[in-house]
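One structure below.
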Amino acid sequence: MQRISAQGAHIDDIDRAIIEALQNDGRLPYTKLGQTVGLSEAAVRQRVQRLIETGVMQIVAVTNPLSLGYRRMALIGVRAEGDTSIIAKQLEDFDEIEYIVITAGSFDLMCEVVSADDRALLALTNRIRGVHGVKSTESFIYLDLVKQTYTWGAH
């Protein structure tokens, strides 16, 4: 899992326009992207590469796991004791965990997970509870995926 951090990211209005255009169509050719933001193809290519290398953005295909045959998605709240960054690092190795955040509040970490079914979710939850420093978990099972967008980063 790639660690995402806003620290040190310097983006300007053109970078924001590039991000927004790619959020609308991640397969947009550099020639059209350049026309959209007013840069040459080469300049746009360099900017996109820099945005990717610095971790500001990723270009990926986003799927709805429920439509691909996975029967269970959930958010798992984790209460922990000790260094949460060490616990998060251990959880990164779990393939079923798609997203991990260290939080404030009643949970120390939140993990978004995708599993084949309830039995697999139970096994995953037990594995998470077995990680040193995890005190307890609480699962919030998704009944339906109503909205999934990734357009918040450019504005």
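Summary of values
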read-out	value
Test: residue in the stretch 35-51 that is surrounded by 11 or more Cβ atoms within 10 Å (Cβ to Cβ), of a type in the set (A, V, I, L, M) and touching a residue at least 60 places away in the same chain (Cβ under 8 Å)	no
Where residue 88 falls short, out of the listed (1) touching a helix residue (DSSP H, G or I) at 6+ places or on another chain (Cβ under 8 Å); (2) free of Cβ contacts under 8 Å to residues at least 24 places away in the same chain; (3) surrounded by 16 or more Cβ atoms within 10 Å (Cβ to Cβ); (4) not charged (D, E, K, R)	(1)
Selected residue (criterion: modelled with the lowest pLDDT) from residues of the stretch 100-127 that are more than 19 Å from the chain's Cα centre (by Cα) and under 17 Å from residue 84 (Cβ atoms)	105
Per-region count, the stretch 118-138, residues part of a strand (DSSP E or B) and crowded, with 17+ Cβ neighbours inside 10 Å	2
Matching residues, the stretch 7-42, being touching a Phe, Trp or Tyr at 6+ places or on another chain (Cβ under 8 Å) and under 18 Å from residue 57 (Cα atoms)	23
Hits in the stretch 75-120 - residues which are of a type in the set (A, V, I, L, M, F, W, C) and in contact with a His (Cβ under 9 Å, 6 or more places away or on another chain)	86, 87
Residue under evaluation residue 29, criteria (1) farther than 14 Å from residue 11 by Cβ; (2) touching a helix residue (DSSP H, G or I) at 6+ places or on another chain (Cβ under 8 Å), criterion not met	(2)
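The values are calculated or read from the model by the stated rules, or taken from the named source; none is laboratory data. Just so it is clear, the structure is predicted and the values come from calculations on it, not from any experiment. With ideal geometry, Cβ positions are generated from the backbone for all residues, glycine too; neighbour counts draw on all protein chains shown.
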